[in-house]
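Participant: Sending over a structure as structure tokens; questions will come in a sec.
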Amino acid sequence: SQQGEEDPQALSIQEGENATMNCSYKTSINNLQWYRQNSGRGLVHLILIRSNEREKHSGRLRVTLDTSKKSSSLLITASRAADTASYFCATPPRANAGGTSYGKLTFGQGTILTVHP
Amino acid sequence: SQTIHQWPATLVQPVGSPLSLECTVEGTSNPNLYWYRQAAGRGLQLLFYSVGIGQISSEVPQNLSASRPQDRQFILSSKKLLLSDSGFYLCAWSVFKDQPQHFGDGTRLSIL
């Protein structure tokens, strides 16, 4: 099963509204990363939050992490039509996982965000 | 600055034909390299990753293989394609093991 699971699977909002996407994961992590993918393109890294951080900001993006609940959220404020994309969370296993699992990212299924102008 | 190149952008191949997709990275040395497959615009499945020349780890048993003949070159191959090999293939690199990954623009592979 997937390490990260995003919720909702799809989100449709109007320009100017805020968009919130959630991610849950199963195992202990060193950090959690959020990526964006425009249709037919590669993924672009947005933000990385470490396991000892609770909140991080980058422009209109706000990410929170609750390690006790094994969950994270991505908030996009004042959304724009150009924010229309799929958003994925991804987690590497903890450094002491050892073996071949060290360093690999596990991606969730993503949230498809549509922002209507 | 670092860049990643992946080609071709689209490819249509008949069942049973061979495959070679190439990925190169510029502007960095000894990157970790990854091949992913993405079905139907959803989650990514890690196929292979490499931490150095000639070092390949396979995640999913299948008829695909990967090679890293040079430090910044990663190749995905198949001797005989199956219909189930259709998908969107993405190459990525990272500086260190659990750090952000940087993706190419992908190859859309259609098997007829």
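The values are calculated or read from the model by the stated rules, or taken from the named source; none is laboratory data. Not measured: the values here are computed from a predicted model. In this analysis, Cβ positions are derived from the backbone assuming ideal geometry, glycine residues included, and neighbour counts consider all displayed protein chains. For the accessible areas, the whole protein counts, side chains as well, though only heavy atoms, and no ligand, DNA or RNA atoms are used. Shrake-Rupley method; radii C 1.70, N 1.55, O 1.52, S 1.80 Å.
Participant: Determine the pairs where a residue that is assigned to a loop (DSSP other than H, G, I, E, B), located within region B:59-72, has a partner that is among the acidic types (D, E) with Cβ atoms under 9 Å apart, the partner being 6 or more residues away or on another chain.
Facilitator: These pairs meet every condition: B:Q62/B:D85; B:N63/B:D85; B:R72/B:E26.
Participant: If A:A82 satisfies all but one of (1) buried (at least 18 other Cβ atoms within 10 Å of the Cβ); (2) outside any loop (DSSP other than H, G, I, E, B), what's the number of the condition it fails?
Facilitator: (1)
Participant: Filter region A:26-43 down to residues that are open to solvent by less than 80 Å² (accessible area, probe 1.4 Å) and closer than 24 Å to A:T114 by Cα, then give me how many there are.
Facilitator: To start, the set of residues in region A:26-43 that are open to solvent by less than 80 Å² (accessible area, probe 1.4 Å) comprises A:27-38, A:40, A:42-43.
Okay, now just the ones that are also closer than 24 Å to A:T114 by Cα, so A:32-38, A:40, A:42-43.
Residues in region A:26-43 being open to solvent by less than 80 Å² (accessible area, probe 1.4 Å) and closer than 24 Å to A:T114 by Cα: 10 in total.
Participant: I would also like to ask the following. Please go through region B:100-110 and pick out each residue that is open to solvent by 50 Å² or more (accessible area, probe 1.4 Å) and either of a type in the set (S, T, Y) or assigned to a loop (DSSP other than H, G, I, E, B) (or both).
Facilitator: Passing the criteria: only B:D105.
Participant: Given the structure, is B:S1 more than 14 Å from every other protein chain (Cβ to nearest Cβ) and either closer than 20 Å to A:V44 by Cβ or assigned to a loop (DSSP other than H, G, I, E, B) (or both)? Spell out how you get there, then give the answer.
Facilitator: Values: more than 14 Å from every other protein chain (Cβ to nearest Cβ): yes; either closer than 20 Å to A:V44 by Cβ or assigned to a loop (DSSP other than H, G, I, E, B) (or both): yes.
It is true that B:S1 is more than 14 Å from every other protein chain (Cβ to nearest Cβ) and either closer than 20 Å to A:V44 by Cβ or assigned to a loop (DSSP other than H, G, I, E, B) (or both).
Participant: Testing B:E59 on (1) open to solvent by 10 Å² or more (accessible area, probe 1.4 Å); (2) at pLDDT below 95; (3) more than 25 Å from A:L32 (Cα to Cα), one condition comes back false. Which one is that?
Facilitator: (3)
Participant: Residues that are more than 14 Å from the chain's Cα centre (by Cα), within 11 Å of chain B (Cβ to nearest Cβ) and in a strand (DSSP E or B): does region A:91-101 have at least one? Steps first, answer last, please.
Facilitator: Kept after step one, since they are more than 14 Å from the chain's Cα centre (by Cα), are these residues of region A:91-101: A:93-101.
Checking the rest, the ones that are also within 11 Å of chain B (Cβ to nearest Cβ) come to A:93-95, A:97, A:99-101.
Then drop every residue that is not in a strand (DSSP E or B), which leaves A:93.
Yes, that holds for at least one residue.
Rundown of residues vs (1) buried (at least 18 other Cβ atoms within 10 Å of the Cβ); (2) more than 11 Å from every other protein chain (Cβ to nearest Cβ); (3) within 18 Å of B:T10 (Cβ to Cβ); (4) acidic (D, E), yes/no style:
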residue: B:Q70; (1), (2), (3), (4): no, yes, no, no
residue: B:F74; (1), (2), (3), (4): yes, yes, no, no
residue: B:S78; (1), (2), (3), (4): yes, yes, yes, no
residue: B:L81; (1), (2), (3), (4): yes, yes, yes, no
residue: B:D85; (1), (2), (3), (4): yes, yes, yes, yes
residue: B:F88; (1), (2), (3), (4): yes, no, yes, no
residue: B:C91; (1), (2), (3), (4): yes, no, yes, no
residue: B:K97; (1), (2), (3), (4): no, no, no, no
residue: B:L112; (1), (2), (3), (4): no, yes, yes, no
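Participant: Among what's in region A:6-55 and is within 11 Å of chain B (Cβ to nearest Cβ) and assigned to a loop (DSSP other than H, G, I, E, B), pick the residue that is farthest from B:T107 (Cα to Cα).
Facilitator: A:S51
Participant: What is the one condition in (1) at the interface with chain A (Cβ under 9 Å from one of its Cβ atoms); (2) under 12 Å from the mean Cα position of the chain (by Cα) that B:V51 does not satisfy?
Facilitator: Among (1) at the interface with chain A (Cβ under 9 Å from one of its Cβ atoms); (2) under 12 Å from the mean Cα position of the chain (by Cα), the lone unmet condition for B:V51 is (2).
One line per residue, one yes/no per condition, for (1) surrounded by 17 or more Cβ atoms within 10 Å (Cβ to Cβ); (2) free of Cβ contacts under 8 Å to residues at least 40 places away in the same chain:
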site	(1), (2)
A:N18	no, no
A:V63	yes, yes
A:K70	yes, no
A:S73	yes, no
A:T77	no, no
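Participant: Filter region B:13-45 down to residues that are over 13 Å from B:F74 (Cβ atoms), open to solvent by less than 20 Å² (accessible area, probe 1.4 Å) and assigned to a strand (DSSP E or B), then give me how many there are.
Facilitator: Qualifying residue count, region B:13-45: 3.
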